[in-house]
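The next block holds one structure in the form of structure tokens; read it before the comments.
FYI, it's all coordinate maths here, none of it is from the lab. This one's a predicted model, so the numbers in the text were calculated from it and none came from an experiment. No Cβ is skipped: glycine too gets one built from the backbone with ideal geometry, and neighbour counts run over all protein chains shown.
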Amino acid sequence: MLSRHASVYRGILRELRKSAVAPRKTNQTVASNFRNIVQKSMKSGDSAILQDVENALLFLRSQREHKLLLERYNPLIDLTAEERIHATARRATGTRCQHNLYKEN
């Protein structure tokens, strides 16, 4: 069975991997900083440091789930202002809004 320190550190690495922009690619600097903090906590025996790392793990997990829920329930979040206006108009009228672009002749 893994120690509490190893379990928390592996959880941090898992969340960093899941929240990375590029698939399965973590920021090595952030991961090594967390590793140093966990090792410091193991050597000193200070449970407050470990509690802070557990809080960071909870924050990373919550942040990732929040982003996922925003994308699922607010599909307009990543659109430009013009695209958002057209999507809103399309929903309000129930029809497809045609966008006429002015062409320069």
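Quick look at the numbers
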| quantity | calculated |
| --- | --- |
| Residues TYR9, TYR73, sorted so that the one with the fewest Cβ neighbours within 10 Å comes first | TYR73, TYR9 |
| Inter-probe distance in nm under a simple model that places probes 7 Å from Cα toward Cβ, at GLN51 and ALA89 | 5.6 |
| Full-stretch length increase - ARG4, VAL30 - with 0.36 nm per residue and alpha-carbon distance subtracted | 7.4 nm |
| For VAL21, VAL53, order by how many other beta-carbon atoms lie within 10 Å, fewest first | VAL21, VAL53 |
| For segment 64-75, Karplus couplings with θ = phi - 60° (6.51, -1.76, 1.60), whole Hz, Gly/Pro x | 5, 5, 4, 4, 4, 5, 4, 5, 6, 9, 9, x |
| Which of LEU60, LEU76, GLY11, positive extreme of dipole for the chain (C-beta unit charges) | GLY11 |
| Within segment 6-70: Cβ-based charge dipole about Cα centre, in debye rounded to nearest 20 (Lys, Arg +1; Asp, Glu -1) | 380 |
| Expected-Rg normalisation [2.2 N^0.38 Å, Cα atoms] applied to the chain | 1.72 |
